[in-house]
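Chemist: My questions will all concern the structure given below.
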Amino acid sequence: MSRHTAGGETAPTDLDLTRLLQTLTVESDRYAERFGARHGLHRTDVNALALILAAARRGEPMSPTALAKELGLSPSATTALIDRLEAVGHVRRERPAGDRRRVALTVPEAGLAEGRKMFVPLAKAFAESWADFGPAEREVIARFLDVSTEAMRTVGAEWTAPHEPDHRRR
């Protein structure tokens, strides 16, 4: 699983790293699917929750329109998804003060508590497995993950199909 570098050291090849990332992605998907199954959620519902929570961490409320764009869903499919999440108490539609026309999606405390039950143990297991990495190694790992994620987004965008066909007359 490695090749020799110019300095005589061994390092994983690009193919090795790609396969390791694929394995991590598959395991991450399985973990998210277990969370969804536990709560009766579709995989897209779990992805939506992750996006809503990430927006909240950045201090940017997620709107239904922004969620639809992020997930590549039609407005009607997004409404059905939000309705499902709201019905089980994972999401709430709120109207921000000052602009009653807008809708922000939030996760109530009960939903956050359920998420913590599933993801805090994973965070602890990650922290334990990373304990021997020093600051310089962590910098390299963080940069590797950032650039790999961006590469995935870039190539993935090329595969994205429009969610609604073009029905205009030609």
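Derivation of every value follows stated rules applied to the coordinates shown; laboratory data play no part. Just so we're clear, the structure is a prediction, and the values are computed from it rather than from any experiment. We place every Cβ from the backbone using ideal geometry, glycine too, and count neighbours over all the protein chains shown.
Chemist: May I ask for log10 I(q)/I(0) of the chain at q = 0.12, 0.13, 0.14 Å⁻¹, from a Debye sum over the Cα atoms as equal point scatterers with solvent left out?
Modeler: Log10 I(q)/I(0), no solvent term: -0.74, -0.85, -0.95.
Chemist: Right, another one. Ranked highest first by average number of other Cβ atoms within 10 Å, how do 52-62, 145-155 line up?
Modeler: On the way: 52-62: 14.5, 145-155: 10.6.
So the peptides 52-62, 145-155, ranked by packing, come out 52-62, 145-155.
Chemist: Using a 7 Å offset from the Cα along the Cα-to-Cβ direction at both ARG19 and ARG95, what is the distance between the two label points in nm, to one decimal?
Modeler: 5.7 nm
Chemist: Over 16 Å apart: what share of the alpha carbon pairs of region 30-107 falls there, rounded to a whole percent? Intermediate values should be presented prior to the final figure.
Modeler: On the way: 1430 of 3003 pairs.
Of the Cα pairs, 48 percent sit more than 16 Å apart.
Chemist: May I pose another question? Any idea which of ALA80, ALA48, VAL26 is furthest toward the positive side of the dipole for the chain, if Lys and Arg beta-carbons carry +1 and Asp and Glu beta-carbons -1?
Modeler: ALA80
Chemist: Let me ask something else about it. What helices in the chain pass both tests, a Cα length along the helix axis of 27 Å or more and a mean Kyte hydropathy of -0.5 or higher, using whole DSSP H runs?
Modeler: Details: long enough: 14-39 (38 Å, -0.66); 109-129 (29 Å, 0.11); 135-159 (36 Å, -0.13).
Once both thresholds are applied, what remains is 109-129, 135-159.
Chemist: Check which residues have an amide H placed less than 5 Å from MET62's amide H, if you skip close sequence neighbours.
Modeler: LEU105
Chemist: So, one more: Between region 96-148 and region 17-73, how many Å separate their Cα centres?
Modeler: Taking the Cα centre of each part, region 96-148 and region 17-73 sit 11 Å apart.
Chemist: Ranking request for peptides 72-80, 18-26: highest mean number of other beta-carbon atoms within 10 Å first, then the rest in descending order.
Modeler: Numbers: 72-80: 14.2, 18-26: 11.8.
Result, highest mean Cβ count within 10 Å first: 72-80, 18-26.
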